[in-house]
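Chemist: Below: one structure in structure tokens.
The values are calculated or read from the model by the stated rules, or taken from the named source; none is laboratory data. Bear in mind the structure is a predicted one, so any value in this text is a computation, not a measurement. When the accessible area is computed, the model is the full protein with side chains, heavy atoms only, and any ligands, DNA or RNA have been set aside. Shrake-Rupley method; radii C 1.70, N 1.55, O 1.52, S 1.80 Å.
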Amino acid sequence: MDNKISTSAEAVEAAAMPCVHEIHADPEAKNGLTQVPKTLQKTDAAKSQARWAYERLILYIQNFEQQLDGEHEVAMGFVGGDAGVLRIEGMGYYDPDIVTFYGTDGSGAKTQLVQHVSQMNVMLRALPKPREEVPANRIGFRLASDLET
């Protein structure tokens, strides 16, 4: 037995990861999170709330993109206001509790959302890709590769 002492929050967090459970109306639906990368299966009491949120959001973005056809890209709808939609082109976190989204809005203007993890409400949306001749951008796969390092 080790002598490591954990807070109740760390114990709850450790018990919650990497469990993922989803049920869908269509029993054939394959749009749920099914795989948690090995790097995220390790509990880490030193991880900030921002990093936990960042890593889990990456999984959701990547999973959402796997469901898209070649004509659509992932975007994020803002919840609780009429700020519109952000085409996700980057994402980051700032310990201990800030997650940042980078991208462009519907008019093509450069956009950045800085959000506290306690206010996190993310709605992923499929938007037509901006240029027909260019392949759809898949940011989720780029973000996920960063988790492996």
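Chemist: Give the carbon-plus-sulfur fraction of the accessible surface of the stretch 44-98 in %, rounded to a whole number; probe 1.4 Å, heavy atoms of protein chains only.
Modeler: Roughly 47 percent of what the probe reaches on the stretch 44-98 is carbon or sulfur.
Chemist: Work out how much length residue 123 to residue 28 would gain on full extension: take 0.36 nm times their residue separation and subtract the Cα-Cα distance, in nm to one decimal.
Modeler: Between residue 123 and residue 28, full extension yields 31.9 nm more.
Chemist: Residue 56: accessible area at probe 1.4 Å, nearest 10 Å²?
Modeler: Ignoring ligands and nucleic acids, residue 56 comes out at about 90 Å².
Chemist: Rounded if a/c is under 1.5, else prolate if a/b beats b/c, else oblate: with a ≥ b ≥ c from the C-alpha gyration tensor eigenvalues square-rooted, which is the stretch 65-149?
Modeler: Verdict is oblate for the stretch 65-149.
Chemist: Amide H of residue 89 versus every other amide H placed in the peptide plane: which residues, excluding those fewer than 5 positions away on the same chain, fall under 5 Å?
Modeler: Distant-sequence amide H within range of residue 89: 102, 103, 104.
Chemist: Considering amide H positions built from the backbone, and no H for Pro or chain starts, which residues 5 or more places from residue 84, or on another chain, come under 5 Å of its amide H?
Modeler: Amide H to amide H, under 5 Å and 5 or more residues apart or across chains, residue 84 pairs with 78.
Chemist: So what's the stretch 97-142 giving for Rg/Rh, alpha carbon basis, Kirkwood Rh from the mean inverse pair distance?
Modeler: Radius of gyration relative to Kirkwood radius: 1.01.
Chemist: How much length is gained if the chain between residue 141 and residue 5 is pulled fully straight, taking 0.36 nm per residue apart and subtracting their Cα-Cα distance, in nm to one decimal?
Modeler: 45.3 nm
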